[in-house]
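Have a look at the structure below, then the notes.
The values are calculated or read from the model by the stated rules, or taken from the named source; none is laboratory data. The model shown is predicted, which means the values in this text are computed figures rather than measured ones. Using ideal geometry, Cβ is built from the backbone for each residue, glycine included, and neighbour counts are taken over all protein chains shown. Keep in mind that these areas ignore ligands, DNA and RNA; they rest on the heavy atoms of the full protein, side chains included. Shrake-Rupley method; radii C 1.70, N 1.55, O 1.52, S 1.80 Å.
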Amino acid sequence: MPDTAAPARRGRLFLLTAALLLLGALGLWGTTRLDWASTRVEVAGHGATGAVPIAASGAQLAPALIGLAALAVAAVAAAIAVSGVVRRVLGVIVALAGAYGVYTALAGWLRPPAATELPSLVGSAAAGATTAPGATVATTAAPLLGVLGGLL
């Protein structure tokens, strides 16, 4: 008598893996929408004068995470289309991409840009601004969402 429980178990495992990949992609993309670092800059003009706060998002500090999120979503579709050895190779590629996502998010959190670099990273009107005297860079825990996304 054939064992019908094994295919059902594989199907549930595949659905769980696909769900975790999609959650990981959401975490990687979500962290790029949040502010990672902020400081104060001195501006004159543009409707403001004096020390003005600026913040850099994850997309500005670690844009690779957006591509890794897209790769995770594409991997779900690719895993449906392929099987066997190709699916295992795809799994290795996704695991390496996840490890790179963890590294990128941790690096952005543990080594934020200097206060003098932040205005040029933010761009727009802040690009010509100078760092306010005594300004420091404040970081958030937002990159940890990218770490979680990379692990998933």
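For I54, the accessible surface of its heavy atoms amounts to roughly 20 Å² (probe 1.4 Å, protein chains only, rounded to the nearest 10).
Protection proxy ranking, highest mean first, for peptides 144-150, 104-110: 144-150, 104-110, where packing is the per-residue count of other beta-carbon atoms within 10 Å, averaged.
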